[in-house]
Amino acid sequence: MGKGVKAAVIGSVFAVMVGGAGYGAFNIVSALNDDGGSGGSEVKSGPPSGDEVKETSEKFFAAWEEGASASAAEYTNNNAAARTLLDAYTGDAHITDIRITPGAARKTTVPFTVKAKVSYQGDSKPLTYKSSLTVVRGLTTGKALVDWKPSVIHPELRTAEDTLVTSQSATPPIEAVDRDGKVLTKDKYPSLGPILDALRAKYGEKAGGTPGVELFVRHNGDGSPDTPLLTLSEGEAGKLETTISASAQAAAETAVKKYAESSVVAVRPTTGEVLAVANNRKDGWNAAFEGAAPPGSTMKIVTSAMLIDNGVTSMNGPAPCPDDAVWQGQTFRNLKNMAPNEGATLTNSFMRSCNTAFIKLIDEKPLTDESLTTEAQTRFGLGRDNWKTGITSVDGSVPAESGPDRAANAIGQGKVTMNPLNMASVTATAITGDFRQPYLVSPKLDGRKLATAKGLPYATASQLKQMMRLTATQGTAAPVMRGLGGDIGAKTGSAEVDGVETSNSWFTGFRDDVAAAAMSENGGHGVDAAGPIVKAVLAAGG
């Protein structure tokens, strides 16, 4: 369950690079692999041939099956790291009777199936899983070598610090249940896997269970909870009640599968309970709770609240929308083909997501460099690093900025960062007027104190809710929200990513007493990817 972070725009990050030393580290480790130079003999170059791929992978598999860690490691481009993990495979993990069946090679990549047995203190269970390896050319000797990554040994090994261990569990297992008592399992709700592991690590003992014996991934590098892979002897599971709605969770998981690198969160605005959290990410990271990336125009909910609360304008007050706006030497423009409207109201500019309208208003008195930060912290509970959801989460960042970043922050670029959890909470606060910190497990279980904030004046919340309603029925969100019944509202957003042609897609909305927000990396406009995800979750209800 490694965490990831992919570098995103303007000083923000959304995921952490994971994996082993890999091909790029070959120069450092080549000497360990007897690849330090051939003394003048001709060195092969170019991709390994099919015969080389077959020969190298077969020799690696044969040594691995025999438990000959040193020999197997010699066929990789990171001898030391490979040997350490292969030693742990048969040692700390107690895996024996290894049989590896390769599949048909795809160029230089060989998929394979491992069948083995895990035995520990009289308990024994069969182990079966699939993985793959890639054969590369050694840079100096030209030898064909296995490109070393921990995931070669097991796909759940994602960082160089990860290892396999079989022993008594560090914490008892849990039987997590949804708000209605339905059991939540990794098999039925795969996106909950890392979250269930985190809940077990934190609440396993409090839930009253007893530990069993398991094969698991121990994450030594980042403090992540162990990832169970195989249970040899059952412990007694303690029951853990969560706020999840099984129906909303199922809808969320189905929705994010349609869009790569996507995350979504749904909350109940009147309570703060998290109804669903789902991620579709290659790195397996809970970006829905832990991400930090510019939220694009969804941030205009908070900016609009700032403008209204400070008396700058109101939903029916002026917010002219010119073609461009200059702030301290930087020119800001609207989306292509947006017609200017010098007589626009705040509602009209919000509905159409006009950037220049918000840029033109942020220097009005009494606004200062700190005004947006103050609004976010004191009204919406953001950016104080004090949310206690039950698992690791990030509560956004809205730093006070001068210069061009002050303007960029107002439209969700600059140095503002959020995640779907934060934006679902923003919508919940906007439509109720009350900030209720989102949570996944009741604070009554462990006595933790939830974060608090002032919330919004009734008049401000009423205006924001109506502006979001109109955006969902007549504005940029209408194409997505069409067909949903009940009281609905939304805000679209897209965030430009430095060096990437396609923007990140953001969308947040509400339907009755459910608020949801989604983000899809490189998903385009809000209605292109994040919007359909949110609609699917809202349609499922809570």
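The values are calculated or read from the model by the stated rules, or taken from the named source; none is laboratory data. Here the structure is a predicted model, which is why all the values come from computation and not from measurement. Here the Cβ positions follow ideal geometry from the backbone for every residue, glycine too, while neighbour counts run over all protein chains shown.
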task: Among the residues of region 496-537, write down those that are in a loop (DSSP other than H, G, I, E, B), among the β-branched types (Val, Ile, Thr) and under 16 Å from Ala255 (Cα atoms).
output: Val527
- request: Give just the number: which of (1) in a loop (DSSP other than H, G, I, E, B); (2) among the charged types (D, E, K, R); (3) more than 26 Å from Lys115 (Cα to Cα); (4) touching a strand residue (DSSP E or B) at 6+ places or on another chain (Cβ under 7 Å) does Glu156 not satisfy?
  value: (3)
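Can you tell me which of Thr166, Thr210 is crowded, with 17+ Cβ neighbours inside 10 Å and within 23 Å of Ala93 (Cα to Cα)?
Details: Thr210 fails: crowded, with 17+ Cβ neighbours inside 10 Å.
Result of the check over Thr166, Thr210: Thr166.
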- prompt: Checking Gly509 against (1) at pLDDT 95 or above; (2) within 19 Å of Ala408 (Cβ to Cβ), which test does it fail?
  reply: (2)
message: For Ala376, only one of the following conditions fails: (1) in a helix (DSSP H, G or I); (2) over 22 Å from Asp324 (Cβ atoms); (3) in contact with a Phe, Trp or Tyr (Cβ under 6 Å, 6 or more places away or on another chain). What is its number?
response: (3)
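Would you point out which residue out of Met338, Met299 is among the hydrophobic types (A, V, I, L, M, F, W, C), surrounded by 17 or more Cβ atoms within 10 Å (Cβ to Cβ) and assigned by TED's automatic domain parsing to the domain that holds Gly403? Outline the logic, then answer.
Numbers: Met338 fails: surrounded by 17 or more Cβ atoms within 10 Å (Cβ to Cβ).
Just a single option satisfies the conditions, and that option is Met299.
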- request: For residues that are in contact with a helix residue (DSSP H, G or I) (Cβ under 9 Å, 6 or more places away or on another chain) and crowded, with 20+ Cβ neighbours inside 10 Å, tally how many sit in region 490-531.
  value: 29
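Run down Lys336, Lys360 and say which single residue is in a helix (DSSP H, G or I) and more than 28 Å from Ala424 (Cβ to Cβ). Break it down stepwise before answering.
Working: Lys336 fails: in a helix (DSSP H, G or I).
Checking each option against the conditions leaves just Lys360.
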task: Of the numbered conditions (1) within 19 Å of the chain's Cα centre (by Cα); (2) more than 30 Å from Gln168 (Cα to Cα); (3) crowded, with 21+ Cβ neighbours inside 10 Å; (4) not hydroxyl-bearing (Ser, Thr, Tyr), Pro269 fails exactly one; give the number of that condition.
output: (1)
field: Test: Asp369 is touching a Lys or Arg at 6+ places or on another chain (Cβ under 6 Å) and either hydroxyl-bearing (Ser, Thr, Tyr) or assigned by TED's automatic domain parsing to the domain that holds Ile301 (or both)
entry: yes
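Residue-wise test of (1) touching a strand residue (DSSP E or B) at 6+ places or on another chain (Cβ under 8 Å); (2) part of a loop (DSSP other than H, G, I, E, B); (3) surrounded by 24 or more Cβ atoms within 10 Å (Cβ to Cβ).
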site	(1), (2), (3)
Met423	yes, no, yes
Ala428	yes, no, yes
Arg436	no, yes, no
Pro443	no, yes, no
Gly447	no, yes, no
Thr452	no, yes, no
Ala459	no, no, no
Ser462	no, no, no
Met468	yes, no, yes
- line: Scanning region 532-542 for residues that are on the phi < 0 side of the Ramachandran plot and either surrounded by fewer than 24 Cβ atoms within 10 Å (Cβ to Cβ) or at pLDDT below 95 (or both) gives Pro532, Ala536, Ala539, Ala540, Gly542
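Can you find, within region 169-207, the residue that is surrounded by the fewest Cβ atoms within 10 Å (Cβ to Cβ) among those that are among the hydrophobic types (A, V, I, L, M, F, W, C) and part of a helix (DSSP H, G or I)? Quick ask: steps written out before the conclusion?
So the first thing to find is which residues in region 169-207 are among the hydrophobic types (A, V, I, L, M, F, W, C), and the list is 170, 174, 176-177, 183-184, 192, 195-196, 198-199, 201, 207.
The next check asks that each one be part of a helix (DSSP H, G or I); those that pass are 192, 195-196, 198-199, 201.
Details: Leu192: 25, Ile195: 27, Leu196: 21, Ala198: 20, Leu199: 22, Ala201: 17.
Restricting to residues being among the hydrophobic types (A, V, I, L, M, F, W, C) and part of a helix (DSSP H, G or I), the top hit is Ala201.
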